[in-house]
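The values are calculated or read from the model by the stated rules, or taken from the named source; none is laboratory data. Remember, it's a predicted structure, so these values are computed and weren't measured experimentally. Methodologically, a virtual Cβ is constructed for each residue, glycine included, from the backbone with ideal geometry; neighbour enumeration extends over all protein chains shown.
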Amino acid sequence: MTFLRHFHFLKVTSVPTLFWSSPKPLTIRPPLISVIMLIIGLALFGLGEALLIAAGIGVSPWSVLAQGFNQIFDLSIGQATFIISVVVLTLWIPLKQTPGMGTVLNIIIISLVLDLSLPYLPQPDPLALQVIQVAIGVFITGIGSGIYLIAKLGPGPRDGLMTGLQRLTQFPIAWIRSSIEITVVIFGWSLGGVVGIGTLCFALGIGPSMALAMFCFQRYFGK
């Protein structure tokens with residue numbers, strides 16, 4: 001317990017409201033700063049995912065799940081990802097989550113950044129450098145998640161599931177996100193998805209890195 005006292009960010013239980021937060025997710029005229037920060041956050045999220053893929057030692061948990069669906073239903077990764085996103089969105093109904101601009105842009109911007117950045121990212125051979133690149137990718141993904149969620153223009157399907165479950169259970173965000181990622185990894189692996197070191201690092205690190213980003217933003221930009 002004494003050790004955990006030095007890691008206050010692990011106790012974060014809600015998405016903070018800061019200067020770039022939109023008053024409501026469903027609006028046709030959101031604040032410009034909210035839109036700008038939403039795009040920046042999603043771009044960082046996509047870059048973090050791309051760094052993970054380029055490292056070559058395991059994809060993110062949701063990509064593992066998509067690979068598993070591909071093995072069973074003979075779908076492309078894109079088709080499997082689309083179906084998974086639709087299924088996750090249906091889980092929003094009992095959680096009373098509200099979609100918004102960010103929910104749609106999540107899919108578009110992250111996909112574009114992945115395609116545009118992957119050809120230019122390093123693909124190291126030494127395992128040590130691969131692990132370092134994975135760690136950087138997870139950290140950047142966490143920062144991007146924090147920025148775009150704080151914009152409050154609607155979370156993506158996966159993040160909406162996280163925030164909905166957090167509100168329902170009142171457990172810390174780091175715990176909720178890590179639990180979701182680990183569950184998805186296990187399910188995806190059982191269906192035939194490929195798991196690597198990068199997958200484990202992402203599953204265990206995305207929750208704490210996101211919580212750390214929100215904690216720092218709240219501390220330095222909060223009123």
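Some observations on this one:
Condition check ((1) of a type in the set (V, I, T); (2) without any contact (Cβ under 8 Å) to a residue 60 or more places away in the chain) across all residues:
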{"residue": "L127", "(1), (2)": "no, no"}
{"residue": "Q130", "(1), (2)": "no, no"}
{"residue": "L149", "(1), (2)": "no, no"}
{"residue": "L153", "(1), (2)": "no, no"}
{"residue": "D159", "(1), (2)": "no, yes"}
{"residue": "G164", "(1), (2)": "no, no"}
{"residue": "R177", "(1), (2)": "no, yes"}
{"residue": "T199", "(1), (2)": "yes, no"}
{"residue": "Q218", "(1), (2)": "no, no"}
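- The residues of segment 171-205 that are within 14 Å of the chain's Cα centre (by Cα), small (G, A, S) and surrounded by fewer than 19 Cβ atoms within 10 Å (Cβ to Cβ) amount to a single one, S179.
- Test: residue in segment 128-135 that is of a type outside the set (D, E, K, R), under 26 Å from L18 (Cα atoms) and out of contact with any strand residue (DSSP E or B) (no Cβ under 6 Å at 6 or more places or on another chain): no
- Residues that are β-branched (V, I, T) and under 18 Å from the mean Cα position of the chain (by Cα) were ranked within segment 36-67; the one that is surrounded by the most Cβ atoms within 10 Å (Cβ to Cβ) is V64.
- Residue within segment 16-33 that is at pLDDT 90 or above, among the small types (G, A, S), surrounded by fewer than 21 Cβ atoms within 10 Å (Cβ to Cβ) and under 21 Å from the mean Cα position of the chain (by Cα) present: yes
- Counted as qualifying within segment 50-119 are the helices (runs of 4 or more DSSP H) with 3 or more residues that are touching a residue at least 12 places away in the same chain (Cβ under 8 Å) and farther than 12 Å from G160 by Cα, namely 61-73, 77-90, 101-117.
- Within segment 111-124, one or more residues are crowded, with 18+ Cβ neighbours inside 10 Å and either in contact with a Cys (Cβ under 8 Å, 6 or more places away or on another chain) or not polar (S, T, N, Q) (or both).
- Residues being over 16 Å from the mean Cα position of the chain (by Cα) and under 21 Å from G41 (Cα atoms) - total across segment 83-98: 2
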